[in-house]
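Asker: First the structure, which I've put down as structure tokens, then a few questions once you've had a look.
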Amino acid sequence: MLVDERSLWPGGQFATTDLIVAKTFFDAHPYTVKALISGEQRAINWVEKNPSDAKAAVNDALLTLTQKKLKTSVLDAAWGELSFGVDPLASTLKKEAADAARVGLTSNSNLKHILDLRLLNQVLNAAGKPRVSAGGLGQA
């Protein structure tokens, strides 16, 4: 490993995947979006409670997609470095936008209204889990 990327991010955490929904769809189909968020949260709960089965499912998917599996030792080492969650980690979005603007990939790093976490926080509240913050990038 050349660098542990966690050292580059606020709190050592960064999102590799975010659930994104178009605002028009969000506004028109809030129950569908909430169901999608609920499904994502249930899947994460399952992964956390069933790590062996989750790793096997990942390796099976890799085999289907690439015709190769990872060695158990490689998968176990990688899995130990992962965390799963629904928090979009607003601070990382801010850093990504600032970095993109700094190197000329975008001229606009204003993300003021990019997050709407109201439905996510409803799902988390119903599950007895803590709310997540929009970090000034929208509604929570």
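Asker: Looking only at the stretch 95-124, which residues are within 19 Å of Val21 (Cα to Cα) and among the basic types (Lys, Arg)?
Answerer: Passing the criteria: Lys112, Arg118.
Asker: Let me ask something else. May I ask you to list the residues in the stretch 34-66 that are polar (S, T, N, Q), assigned to a helix (DSSP H, G or I) and loosely packed, with under 14 Cβ neighbours inside 10 Å?
Answerer: Correct list: Asn45, Ser52, Thr64, Thr66.
Asker: Anything in the stretch 79-113 that is surrounded by 14 or more Cβ atoms within 10 Å (Cβ to Cβ) and of a type in the set (D, E, K, R)? List them, or say none.
Answerer: Passing the criteria: Asp87, Lys94, Lys95, Glu96.
Asker: Taking the stretch 87-113, which residues are touching a helix residue (DSSP H, G or I) at 6+ places or on another chain (Cβ under 6 Å) and either in a loop (DSSP other than H, G, I, E, B) or at positive phi (or both)?
Answerer: Result: Thr106, Ser109, Leu111.
Asker: Could you list, in sequence order, the residues of the stretch 1-44 that are aromatic (Phe, Trp, Tyr) and either within 11 Å of the chain's Cα centre (by Cα) or assigned by TED's automatic domain parsing to the domain that holds Arg118 (or both)?
Answerer: Within the stretch 1-44, Phe14 is the sole residue that qualifies.
The values are calculated or read from the model by the stated rules, or taken from the named source; none is laboratory data. Because the structure is predicted, anything quoted here is derived from the model rather than measured. Don't worry about glycine lacking a Cβ; one is built from the backbone with ideal geometry, like all the others, and counts go over all protein chains shown.
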